[in-house]
């Protein structure tokens, strides 16, 4: 059986706070101390706060430029402004490079942690040392999904946990071979944990118990391994951007036929 709960009482996190100590103390007060084999899912925003990844609102555009590797898609909004989907320096494709004002102090925005996997590893190491056994840690953040409305939490950092369930080479219940089946355990646990954390309850940490088979060495690959490699990405650009790039490439080749369907031949 899988049990997931969000212990209350974690205070507002500020730069320099010891997150491991806060999690341990909160679980003790709640009467549910951490046990070896537990998975701790932490909202990335509290990690950002502890690491000082806070910027004034007026520097948001500068932070966006700093965090962005490439633009994937841009769509103007009816009320003004634009939705910008980009690949961040962490390899995550999402809106605004993960920069967000929700649950930040007024007049400020939060950037994603510098290295979410390293942050998760440090937290897992400290929690494991305190509990005397391995603890898995996931840093979660909220993303939209291509082709589906709404958002869900995913893992942007992970340590001490298998992020994938490698089922390729096994057989299903009917005996058919599985060739590419690879559930992303870290994302599934991040989404499940958000059911008890929520976005408005001030519950930034969830404990998952009953998933000890997913917990392992701190040397296991982190959440960075979840990002799809560029050469395997079938949907690397938004529709408008892909069309514009194809049009530009055709024009650069100097062939009228490749320059677009509306180009007429003057000959």
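The values are calculated or read from the model by the stated rules, or taken from the named source; none is laboratory data. These numbers were taken from a predicted model, which means no experiment stands behind them. With ideal geometry, Cβ positions are generated from the backbone for all residues, glycine too; neighbour counts draw on all protein chains shown.
Annotations
- Of the residues making up the stretch 128-150, those that are closer than 21 Å to residue 196 by Cα and touching a residue at least 12 places away in the same chain (Cβ under 8 Å) number 10.
- Residues within the stretch 171-195 that are at pLDDT below 95 and either loosely packed, with under 11 Cβ neighbours inside 10 Å or closer than 23 Å to residue 128 by Cα (or both), tallied: 9
- Tabulated pairs, the stretch 105-120, first at pLDDT below 95, second surrounded by fewer than 22 Cβ atoms within 10 Å (Cβ to Cβ), C-beta under 8 angstrom, 6+ apart or interchain: 105/54
- Per-region count, the stretch 1-16, residues in a loop (DSSP other than H, G, I, E, B) and crowded, with 16+ Cβ neighbours inside 10 Å: 4
- For the stretch 24-47, a residue qualifies if it is over 17 Å from residue 115 (Cα atoms), touching a strand residue (DSSP E or B) at 6+ places or on another chain (Cβ under 6 Å) and crowded, with 19+ Cβ neighbours inside 10 Å, and the qualifying residues are 38, 39, 40.
- Residue within the stretch 155-170 that is under 25 Å from residue 216 (Cα atoms), surrounded by fewer than 23 Cβ atoms within 10 Å (Cβ to Cβ), at pLDDT below 95 and in contact with a helix residue (DSSP H, G or I) (Cβ under 7 Å, 6 or more places away or on another chain) present: yes
- Taking every residue in the stretch 199-215 that is touching a residue at least 40 places away in the same chain (Cβ under 8 Å) and at negative phi and pairing it with any residue that is surrounded by fewer than 16 Cβ atoms within 10 Å (Cβ to Cβ) and not in a helix (DSSP H, G or I), at least 6 positions away or on another chain, the pairs with Cβ-Cβ distances below 6 Å are 209/3.
- Within the stretch 223-267, considering residues that are in contact with a helix residue (DSSP H, G or I) (Cβ under 6 Å, 6 or more places away or on another chain), assigned to a helix (DSSP H, G or I) and at pLDDT below 90, the one surrounded by the most Cβ atoms within 10 Å (Cβ to Cβ): 250
- Count of the stretch 197-222 residues which are crowded, with 17+ Cβ neighbours inside 10 Å and over 16 Å from residue 45 (Cβ atoms): 8
- Number of residues in the stretch 140-154 that are in a strand (DSSP E or B) and more than 8 Å from the chain's Cα centre (by Cα) equals 7.
- Among the residues of the stretch 103-127, those that are over 13 Å from the mean Cα position of the chain (by Cα), buried (at least 17 other Cβ atoms within 10 Å of the Cβ) and either on the phi > 0 side of the Ramachandran plot or not in a helix (DSSP H, G or I) (or both) comprise 104, 109, 110.
- Of residues in the stretch 48-86 being in a strand (DSSP E or B) and touching a residue at least 60 places away in the same chain (Cβ under 8 Å), the one surrounded by the fewest Cβ atoms within 10 Å (Cβ to Cβ): 75
- Some residue of the stretch 18-30 being modelled with pLDDT under 95 and not in a helix (DSSP H, G or I): yes
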